Amino acid sequence: AQTVTQSQPEMSVQEAETVTLSCTYDTSESDYYLFWYKQPPSRQMILVIRQEAYKQQNATENRFSVNFQKAAKSFSLKISDSQLGDAAMYFCAYRIFYNTDKLIFGTGTRLQVFP
Amino acid sequence: DGGITQSPKYLFRKEGQNVTLSCEQNLNHDAMYWYRQDPGQGLRLIYYSQIVNDFQKGDIAEGYSVSREKKESFPLTVTSAQKNPTAFYLCASSIQDRGNQPQHFGDGTRLSIL
């Protein structure tokens, strides 16, 4: 079964510090795509970063970067120089598109940022 | 501005009633999706459509129905057969590709039972 696991229900970080959110997934596919989405209190889902499984280089988007370990099926998100506006639910998602087309989401990690 | 519009923002359903959630996009995306979000859980796929006049069941399609008569529109009907409809519903769309394009989401509709 294809599953996504986020083992940290809640995390907290001081403003300007760095925090890492964990995500592991289970799949038998060799080609797939991974995403991190942010859901602030407004409930809108906002794309943070994406990673193609065939690329060994870790994706980076400004203060956000990932540590993609394909063999370990791990896809963690690092937020550097945390800001108050980073406070939100963060969801890791895995997209499958052979014979179907869907995102499989983890249960989310609530990130609190303290001044 | 291009985007996805969901309406209404809040919706209340009476017992035995069908209700329809609207989703419209002007991004010229081929694929559209409906997800359900319950407290403490991630999103789960209800239905998706990759092309006009065609749609596929997702993981939790029972009690729901959809149509895709126009590229821009993908309404979701929550039927009386859905016994636990209270949830937050999110519509998404994406370019139809090999999977590396992200899904873009609307602002959601919160459905509650009266």
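A simple count of charges around A:Ala53, restricted to other residues whose Cβ falls under 9 Å of its Cβ and scoring Lys, Arg +1 and Asp, Glu -1, yields -1.
What FRET efficiency would be calculated for the residue pair A:Asn67, B:Ser73, taking the C-beta separation as r and a Förster radius of 45 Å, to the nearest 0.05? Please list the in-between numbers first.
Values: r = 40 Å, r/R0 = 0.88.
The pair A:Asn67/B:Ser73 has a calculated efficiency of 0.70.
Annotation: average projected area of chain A is 6.9 square nanometres, based on the convex hull of Cα atoms across all directions.
Sequentially through the stretch A:104-115, phi angles give Karplus couplings (6.51, -1.76, 1.60; θ = phi - 60°) of 10, 9, x, 7, x, 10, 8, 9, 9, 10, 9, x Hz, Gly and Pro residues having no value and appearing as x.
State, as an integer percentage, the relative contact order of chain A based on alpha-carbon contacts under 8 Å between residues 6 or more apart. Could the numbers behind the result be given before it?
Values: 281 pairs, mean separation 41.8, N = 115.
Answer for chain A is 36 percent.
Convex hull volume of the Cα atoms in chain B, per residue, in Å³? Don't jump to the answer; show the numbers that get you there.
Details: hull volume 11.4 nm³, N = 114.
Cα convex hull per residue, to the nearest whole number: 100 Å³.
Could you check which residue among A:Lys102, A:Lys73, A:Lys38 shows the biggest mean-square fluctuation in a GNM of chain A with a 10 Å Cα cutoff? Highest fluctuation among the options: A:Lys102. Using a simple spin-label model with points 7 Å from Cα along the Cα→Cβ vector, what separation in nm is obtained for B:Ile95 and B:Thr20? So the two model labels end up 3.2 nm from each other.
Choose one of B:Ser112, B:Gln25, B:Tyr48: the residue whose Cα lies farthest towards the positive end of the charge dipole of chain B (beta-carbon charges +1 Lys, Arg; -1 Asp, Glu; about the Cα centre). The listed residue farthest towards the positive side: B:Ser112.
No lab work stands behind these numbers, since they all come straight from the coordinates. Small disclaimer: the values here were computed from a predicted structure and weren't measured. With ideal geometry, Cβ positions are generated from the backbone for all residues, glycine too; neighbour counts draw on all protein chains shown.
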